[in-house]
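Down below is the structure, laid out as structure tokens.
Nothing in this text is a laboratory measurement; each read-out follows from the coordinates by a stated rule. Please read all numbers here as calculations on a predicted model, not as lab measurements. Methodologically, a virtual Cβ is constructed for each residue, glycine included, from the backbone with ideal geometry; neighbour enumeration extends over all protein chains shown.
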Amino acid sequence: MVYLPMCYLYSSRFENPRKRSDPLLAELRAELYLEPYEEVDWDGVRHACCPLDEYQHITPLQARPPSGGARAAARRPSAARAG
């Protein structure tokens, strides 16, 4: 029964409050990543995976870095609502 607890944590946007000071988390990150975790360029490695692991070809639209366009516009109060 892993699915339900993970679903709950994801849906509540859980963040580990000790993520900076947790020694177990630091050890796991040191073991799993080739470079220090804080220095990983996540936008640059988003689509870096083995070709055999690609279930679907990545389109040029998906490969673009996020610009925040529609989501950022949705968060901004519009002029109509402000007046």
Any chance you could count how many residues in region 8-39 are under 16 Å from the mean Cα position of the chain (by Cα) and in a helix (DSSP H, G or I)? 7
Do any residues in region 33-62 that are without any contact (Cβ under 8 Å) to a residue 60 or more places away in the chain have Cβ atoms under 9 Å from those of residues that are small (G, A, S), where the two are at least six apart or on different chains, and which pairs are they? P36/A30; Y37/A26; Y37/A30; R46/A63; H47/A63
For region 48-65, how many residues are exposed (fewer than 10 other Cβ atoms within 10 Å of the Cβ) and in a loop (DSSP other than H, G, I, E, B)? 8
